[in-house]
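Scroll down for the structure; my scribbles are underneath it.
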Amino acid sequence: MKILSIETSCDETAVSILEATGDESSAHFRVLGNALLSQIDIHREFGGVYPAVAKREHAKNLVPVLAASLEEAELMKEDLQVLPDELRTEISVLLTREPELAEALFAFLDETEVPDIDVIAVTHGPGLEPALWVGVNLARALSLAWNKPIVGVNHMEGHLLSALTKPESEKDFSIQNLELPILGLLISGGHTELMAMESWLSYRLVGQTKDDAVGEAYDKVARMLGLPYPGGPEVSKLAENARERGNTQMPSLPRPMMKDSACDFSFSGLKTAVLYLIKDRALSETEKEEIAHSFEEAVSDVLFAKTSRALLETGAKTLVLGGGVSANTNIRRVFSERMTIEHPEVSLYLPEPRFTTDNAIMIGIAGFYRALKQDYTSPDNLVASGNLSLSPASV
């Protein structure tokens, strides 16, 4: 099965082509084409992602990124095509709010043969809704123009499933012999949740943040410390500097809800504690490093404690971390070391660095599993949902 996948949930415009074989218990993936444009430099001056700007950039970049991915996969063949007037009108109406995308897409379709793909997969949530709609509308238009089935993919499912892969080469990876149930710790700028997958693609929410997501807390602490956007990696760099220096005088910071019997999280109090700690103070670079170190240790302790509790509650035999914050060096170190000691019977999966940031390959992986279940939708019924959840009870 060849899957064309599209990702526009935030500030990365990405399209990939995967060739997938196998089934749920043993799947192999090969990357045939992959192209991505990041908007991070554009949003850095604002200190965060502006949805209207992200939408504009996706509309401008999607067709060139699509063409680059198809060309790498050797699936783009130039030939004059004539779209029926009725179909051209239908696509024009669909793309009314993205005129720049419509113009570029028609030029592309008029000169390109229908590629040899089997299904189109697209992120339809969660994320920034204006940005999501651009990718969703492109997928709907391509589905109509090429007469290909379409699957909507949950962005967080993409993070979870891609983190379960084992690399075989730069372009080849597989998912094999996983023991269910699987517990996923999904951590990003918008999510901190523990999700149990007790059967394939069936999820139960075990715990979630009551306030700030962990990535959001990192970014807010970064702003308090005067660090540039994106703040999470900058806080992590300062914390690592403190660890390397050793003998740090780490200030004491709380571990909110860590001893609570539930599997839920809270990071608002920790963030506020940092705010009071630095209030009306001119911090030296060493003090910033020590505060970052203390903050990061508190975060890692809470994440592991809650995940450990969820493992006992669910009886999960596999633990996977996914989402942007799963790239954090200390979190990966803490889980690698403590899982071996405290849960030696559980297999730990940490995502490859390329799967921690937003990308279209992970959407293709999830799209393959959705296609196996014939989980198709019509272009008319596919919608973007900024608050889409993996857990049915939370939809």
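Read-outs: derived from the displayed coordinates by stated rules, not from any lab. What you are looking at is a predicted structure, and each value in this text was computed from that prediction instead of being measured. Ideal geometry is used to build each Cβ from the backbone, glycine not excepted, and the neighbour counts take in all protein chains shown.
Values as computed for the structure displayed
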| item | result |
| --- | --- |
| Net dipole in debye of the chain [+1 Lys, Arg Cβ; -1 Asp, Glu Cβ; about Cα centre; nearest 20] | 1300 debye |
| Label-point gap, in nm, between MET1 and ASN177 - each point 7 angstrom along Cα→Cβ | 2.4 nm |
| Loop sites in segment 248-344: trypsin sites (Lys or Arg not before Pro), DSSP, at most 11 other Cβ within 10 Å | LYS259, LYS279, ARG281 |
| Sparse-neighbourhood loop sites, GluC sites (Glu not before Pro) in segment 137-231 - DSSP loop, at most 14 other Cβ within 10 angstrom | GLU168, GLU170, GLU179 |
| About the Cα centre, charge dipole magnitude for segment 180-351 (Lys/Arg +1, Asp/Glu -1 at Cβ), debye | 60 debye |
| Stokes-Einstein D in µm²/s, Kirkwood radius over Cα pairs - segment 180-351 at 37 °C with 0.692 mPa s viscosity | 201 µm²/s |
| Segment 208-221 - phi-based ³J(HN,Hα) in whole Hz, Karplus 6.51/-1.76/1.60, Gly and Pro as x | 7, 6, 8, 8, 6, 6, 5, x, 5, 4, 4, 5, 5, 5 |
| Antiparallel bridges, percent of DSSP beta bridges restricted to segment 180-351 (to nearest 5) | 55 percent |
| Links that overshoot a 30 Å alpha carbon limit, given the list LYS210/LYS237; LYS2/LYS237; LYS55/LYS306; LYS259/LYS279; LYS55/LYS279; LYS259/LYS373 | LYS2/LYS237; LYS55/LYS306; LYS55/LYS279; LYS259/LYS373 |
| Percent antiparallel among DSSP beta bridges (both partners in the chain, rounded to 5) | 70 percent |
| The chain: relative contact order in percent, alpha carbon pairs under 8 Å with at least 6 residues between | 23 percent |
| Cα convex hull of segment 1-108, projected area averaged across orientations, nm² | 8.9 nm² |
| Estimated distance in nm for a label pair at LEU348 and THR286, the labels positioned 7 Å out from Cα along Cα-to-Cβ | 3.2 nm |
| Residue-averaged 222 nm ellipticity for the chain, from DSSP H runs of 4+ at -39500 (n - 2.57), nearest 500 | -14000 deg cm²/dmol |
| Likely footprinting exposure, HIS43, HIS58, fewest C-beta neighbours within 10 Å first | HIS43, HIS58 |
| Cubic angstrom per residue, convex hull over Cα atoms of the chain | 134 Å³ |
| Neighbour cut-off at most 13 other Cβ (10 Å), DSSP loop, GluC sites (Glu not before Pro), segment 293-365 | GLU345 |
| Radius, Kirkwood style, for segment 57-202 when every pair of distinct Cα atoms is counted (Å) | 17.5 Å |
